[in-house]
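Colleague: If you scroll down you'll find the structure; I have some questions about it.
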Amino acid sequence: MAAAIVVFLAAAILWSAVNLLKEEEKKPMYRVSVVVEDSVSERWTAFRLGIDQAAREYGMDVTFAATGSFEETEDQKNLIGQEVQSGTQALILSVFDSEEAGSLLEGISSGIPVILAETDAIRPEGPETAAVALPGREMGRALGDMLLKAGVDEPSVAVLARSRERYLEMEMLEGLTETVRAAGGSLLVLKEGEADPDVLLSRARTQDLIAVLDDSLLVTAAALMEEKGLKKGKLYGVGCSPSAVTALDKGIISGMVIPNDFTMGYQSMAQLAGYMAKDLPALSDIQVGYTPVKTEDVHDPDVEKLLFPLVQ
Amino acid sequence: MKDRIGRDLEKIRKRLKIGSAGIQMSITLSFSLIAGIGMVLLGIILYSQFSVRSQAVTTENAGQFLAQTKRSTEDYLRSMRRISDALYYSCIKNKDLETDSLDPEFSLLYEAYRDDLVSIALYTEDGDLVSAVPVSAGREGVDVTDQSWFTDALGTVENLHFSLPHVQNLFDETPGRYHWVISMSQAVELSRRGLPEQGVLLVDMNFSGIKQLLEKANPDNTSEYIYLCSSRGDIIYHPRMSLINAGLYSEDNLTAAGRTDGTYMDFFEGTNRTTIVKTVSYTGWKLVSVIPHKSYSMGMGKSPYFVVLVLSFALLGILLVNQIVSGNIVSPLLKLDDSVKDLENGNLSPEIYIGGPQEVEHLGRTLKTSVQKINELMEDVLTEQEQKRRSELDALQSQINPHFLYNTLDSVVWMIEGGHDEGAVYMIRQLASLLRISISHGRTIIPIRDEIRHAQSYMNIQQIRYKNSFTVTFDIPEEIMDLCTVKLILQPILENAIYYGVQSMDGDGEILVRGSREGDDVFLDVTDNGLGMPEERVRELLSGREPDMEENASRHGNGVGLNNVHSRIRLRFGAAYGLVIESEPDEGTTVRIHLPAIPYQNDLETMLDGRKGGGSEKKR
């Protein structure tokens, strides 16, 4: 009996001493790469803020791959390969061409979780891939509603979109078309690559209203309109960059659908942090929201908090 | 035989070993268990005290830190108020708007505090811009009269008003440049052409000043944080403001805003936390410090291992010390136990161990004394038994005294030959009665009635033999007849009275047997008026010295003396009882038999013997 107790106490001493002397396990800092087209674009400002916030909270090392404009999917694919080779452990991607998302992801070795931002593109099923997406169709409908409230009956609407196939824009266009046509309006879709911006804008101005489905196109259109001193009240669009917000505040853009990019970035990183720390069994799809804002609402206290996170 | 003894001793040794291990183990485990429980209880109490104290210290530190942050915030706001006051009392009050420009003084003050200020502007009560720095032109389409800072200032003119943080949109600034500001506004008295009119002074403080101040109070590496909200609960600063705006985090700001200064325990969003609220002077803003309770245990991850290590070491130490202490306690007990076992094995003079602690030593001494007393008592019992056996043998011999029997029978023959048949019959009857009582079913305790009857039979025979040369009188009250006595105690005394008292008195001899009771005592007195005896002879009679048989025979012929009677009474009833002899030479002798007054019962003898073997001893 006494011998058993002594053995038990000796074992307890050994166990506790070993645990006391053992180095406390440091929480690993996972490295995550973000690969999006034109990484320095203002369009990613709120998205980066969200990613940085989550990276701070969850102790993640985040790298924004320096990119310019991609010519084709292969450019993005090569960049992802470089990031993987340099030791990244997870990826956040905004797919350059949604149609080729599958082939883009095929090249990524298994064991590297991937979050697809913005759109729920075609992708292989599995626990290591998920999308933190915007509701494109709903955003298109919200943009259509703003156009219909612009004071023009059965408006003709020029829609400016980027040239390549992006699911988000396609969904937004579908939603916009449904809404405008339902009100008796018509649409003229103009693609970025079809002509110079000046020419495109001239064509668009022939319509009652202009709707732009891409942030950079919207900023370009707003700059051209301001430069040419064109009549205000025609330009609407989807965007969230500070330049677009400034144009909205000035009234050059009359209304904008603002995607909640901060939440998109935060949730993308939070998902990866949870999955890599094994708190989550699998990555899961998340849909984030948006806010339609008109010029006169820019300085509403709640809208200010959404539009001006940079300076807060 | 030798092997068997060896095996037995081995068994005893094994038994002792097991026994000692049991006692020692019990003491060790009991002490260790008590000490262990005590340590664990003490540990729990100390840990809970430590925990409570730690929480109190953390809360106190957070409170002090919050108070310091509050002072810093108040100092900052006070400096902003001084700017506003300086603008009003040094610039605006002394100027006439019709003739004087405020721009130089405004610019001067703005330049002096440009890090903290975004703009300074003065409006008339109609909302017209009078003067502004650094941008002098107001933004087109902006109507200040419906802005809260303006209406608040004119609503309560005596106060200085602080707005919530907002993006300034009053002036045509550089495109794309926005400032988060806190507007400080107050109603001022303007002078135009000597006539007073009301206006509003607006000082837009750079929100980054408050933000930096509070960011310093919120280090990144802790879960505790401080936030600032208005008296209505609108959050002014929060370290997770972006998340709150995006709906990814929530705060209990409305509850905090409704509280007075103090410390509160909250349960919010599944988290227990301590909240400390302090109100910032003048603005009514609330500085709130939030301490999640999980932060109390941060940095103590290895504490459980340390506690287990200390407890295990302490318990091991206690166990070892208890083992040594219990060994020291048990060792003398085992030695004493060996002595007892030696005694149990039949050694009546064992070597008793005397040593060890005081109590064990005392136990040893007591045991030794007890063994000695047992031995003495055993010797006493043996001696007593021997005396009793010899007394009983003497009494038995007296029952079958051949001389007396021969003389009696000879007298009977003589009577029959002389034709005295009736006398012969009487003699034989007396003899039969004598023998019957002598036998008494083997009992040694009989009623006094039987003893008297025996004595009467004996004396009847002796009177015939001695031809009535003496008289005998029995005076025995009925009340003592059923009390008990040792049998055959009167006969030897009467025999002595005849032989040494009245034998040769030619008819004048008198023997009186008288009984009496005094309380719990019974007395039987045998008195004769014979020759008596000197005092030395009296002392000799009861001295216990055994006269030899020849001497006895020469003196009275039957070999049974007074001393024998005296001893038998004392053996049965104790030393308080027995014979008392009073004698005067030529006067006579009285022998007093002293007995206890005990009513006779059939089992009385067994009770008086105090042991079962009494009956069988009598039979033997």
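The values are calculated or read from the model by the stated rules, or taken from the named source; none is laboratory data. None of these values were measured; they are calculated from a predicted model. Quick reminder, even Gly has a Cβ in these numbers, built from the backbone with ideal geometry, and neighbours come from all protein chains shown.
Colleague: Here is a list of conditions, (1) of a type outside the set (A, V, I, L, M); (2) within 30 Å of B:I27 (Cβ to Cβ); (3) surrounded by fewer than 18 Cβ atoms within 10 Å (Cβ to Cβ), and B:G284 meets all of them except one; can you say which number that is?
Modeller: Only one criterion in (1) of a type outside the set (A, V, I, L, M); (2) within 30 Å of B:I27 (Cβ to Cβ); (3) surrounded by fewer than 18 Cβ atoms within 10 Å (Cβ to Cβ) is unmet by B:G284, namely (2).
Colleague: Give me the residue from segment B:177-196 that is exposed (fewer than 14 other Cβ atoms within 10 Å of the Cβ) and either under 60 Å from the mean Cα position of the chain (by Cα) or under 20 Å from B:E98 (Cβ atoms) (or both) and, out of that set, nearest to the other protein chains (Cβ to nearest Cβ).
Modeller: Among them, the one singled out is B:E189.
Colleague: Kindly provide the set of residues from segment A:283-300 that are more than 14 Å from A:L248 (Cα to Cα) and part of a loop (DSSP other than H, G, I, E, B), ordered by number. Full working, then the answer.
Modeller: So in segment A:283-300, the residues more than 14 Å from A:L248 (Cα to Cα) come out as A:283-290.
If the condition is that a residue be more than 14 Å from A:L248 (Cα to Cα) and part of a loop (DSSP other than H, G, I, E, B), then A:L283, A:S284, A:D285, A:V288, A:G289 are the ones that fit.
Colleague: Against the condition within 11 Å of another protein chain (Cβ to nearest Cβ) and farther than 30 Å from A:G111 by Cα, how does A:D302 come out, does it pass?
Modeller: yes
Colleague: Okay, moving on. With the requirement that a residue be aliphatic (A, V, I, L, M), in a loop (DSSP other than H, G, I, E, B) and more than 16 Å from A:S94 (Cβ to Cβ), what does segment A:130-156 give you?
Modeller: A:A150, A:V152
Colleague: Please work out which one of (1) more than 9 Å from chain B (Cβ to nearest Cβ); (2) in contact with a helix residue (DSSP H, G or I) (Cβ under 6 Å, 6 or more places away or on another chain); (3) in a helix (DSSP H, G or I) is the condition A:L20 fails and give its number.
Modeller: Of (1) more than 9 Å from chain B (Cβ to nearest Cβ); (2) in contact with a helix residue (DSSP H, G or I) (Cβ under 6 Å, 6 or more places away or on another chain); (3) in a helix (DSSP H, G or I), only one is false for A:L20: (1).
Colleague: Given the conditions (1) surrounded by 13 or more Cβ atoms within 10 Å (Cβ to Cβ); (2) within 43 Å of the chain's Cα centre (by Cα), which single one is not true for B:T263?
Modeller: (2)
Colleague: Residues that are surrounded by fewer than 16 Cβ atoms within 10 Å (Cβ to Cβ), of a type in the set (G, A, S) and either part of a helix (DSSP H, G or I) or within 11 Å of chain A (Cβ to nearest Cβ) (or both): does segment B:237-260 have at least one?
Modeller: yes
Colleague: Can you tell me which of B:F106, B:F150 is touching a Phe, Trp or Tyr at 6+ places or on another chain (Cβ under 9 Å) and of a type in the set (F, W, Y)?
Modeller: Sole residue among the options that is touching a Phe, Trp or Tyr at 6+ places or on another chain (Cβ under 9 Å) and of a type in the set (F, W, Y): B:F150.
Colleague: Kindly indicate which of B:I428, B:I498 is at pLDDT 85 or above, in a helix (DSSP H, G or I) and surrounded by fewer than 22 Cβ atoms within 10 Å (Cβ to Cβ).
Modeller: B:I428
Colleague: On the given criteria, is B:M265 in the same structural domain as B:M184 (by TED's automatic domain parsing), in contact with a strand residue (DSSP E or B) (Cβ under 9 Å, 6 or more places away or on another chain) and not small (G, A, S)?
Modeller: Spelling it out, it is not the case that B:M265 is in the same structural domain as B:M184 (by TED's automatic domain parsing), in contact with a strand residue (DSSP E or B) (Cβ under 9 Å, 6 or more places away or on another chain) and not small (G, A, S).
Colleague: (1) touching a residue at least 12 places away in the same chain (Cβ under 8 Å); (2) more than 22 Å from B:Q68 (Cα to Cα); (3) surrounded by fewer than 22 Cβ atoms within 10 Å (Cβ to Cβ); (4) not polar (S, T, N, Q): which one isn't true of B:E215, the others all being true?
Modeller: (2)
Colleague: Working only within segment B:162-202, note down all residues that are assigned to a strand (DSSP E or B) and of a type in the set (A, V, I, L, M).
Modeller: Within segment B:162-202, B:V167, B:V181, B:I182, B:M184, B:A187, B:V188, B:L190, B:L195, B:V200, B:L201, B:L202 qualify.
Colleague: Give all pairs with beta carbons closer than 8 Å in which a residue from segment B:28-41 that is modelled with pLDDT of 80 or more meets a residue that is surrounded by fewer than 15 Cβ atoms within 10 Å (Cβ to Cβ); count only pairs at least 6 apart in sequence or on separate chains.
Modeller: Close Cβ pairs (under 8 Å, with a partner that is surrounded by fewer than 15 Cβ atoms within 10 Å (Cβ to Cβ)) amount to B:F31/B:V325.
Colleague: Next question. In the list B:D126, B:D96, which residue meets the criterion of being surrounded by fewer than 15 Cβ atoms within 10 Å (Cβ to Cβ), part of a loop (DSSP other than H, G, I, E, B), at pLDDT below 90 and out of contact with any Phe, Trp or Tyr (no Cβ under 7 Å at 6 or more places or on another chain)? Can you show your working first?
Modeller: Numbers: B:D126 fails: at pLDDT below 90.
Matching residue, one of B:D126, B:D96: B:D96.
Colleague: Additional query: Considering segment A:23-42 alone, what residues qualify as being in contact with a Gly (Cβ under 7 Å, 6 or more places away or on another chain) and more than 10 Å from chain B (Cβ to nearest Cβ)?
Modeller: Residues satisfying the conditions are A:K27, A:M29, A:R31, A:D38.
Colleague: Another one. Tell me, which strands (runs of 3 or more DSSP E) wholly within segment A:169-278 include 3 or more residues that are farther than 30 Å from A:G111 by Cβ and within 14 Å of chain B (Cβ to nearest Cβ)? Give the steps one after another, and end with the answer.
Modeller: Numbers: elements: A:186-191, A:209-212, A:235-238, A:253-259.
Those strands (runs of 3 or more DSSP E) span A:253-259.
Colleague: Counting just the residues of segment A:1-17 that are at the interface with chain B (Cβ under 7 Å from one of its Cβ atoms) and modelled with pLDDT under 85, which one comes out farthest from B:L320 (Cα to Cα)?
Modeller: The selected residue is A:M1.
Matching residues to (1) at the interface with another protein chain (Cβ under 10 Å from one of its Cβ atoms); (2) over 35 Å from the mean Cα position of the chain (by Cα); (3) free of Cβ contacts under 8 Å to residues at least 60 places away in the same chain; (4) in a helix (DSSP H, G or I):
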site: B:R273; (1), (2), (3), (4): no, yes, yes, no
site: B:Y282; (1), (2), (3), (4): no, yes, no, no
site: B:V288; (1), (2), (3), (4): no, yes, no, no
site: B:K294; (1), (2), (3), (4): no, yes, no, yes
site: B:V307; (1), (2), (3), (4): yes, no, no, yes
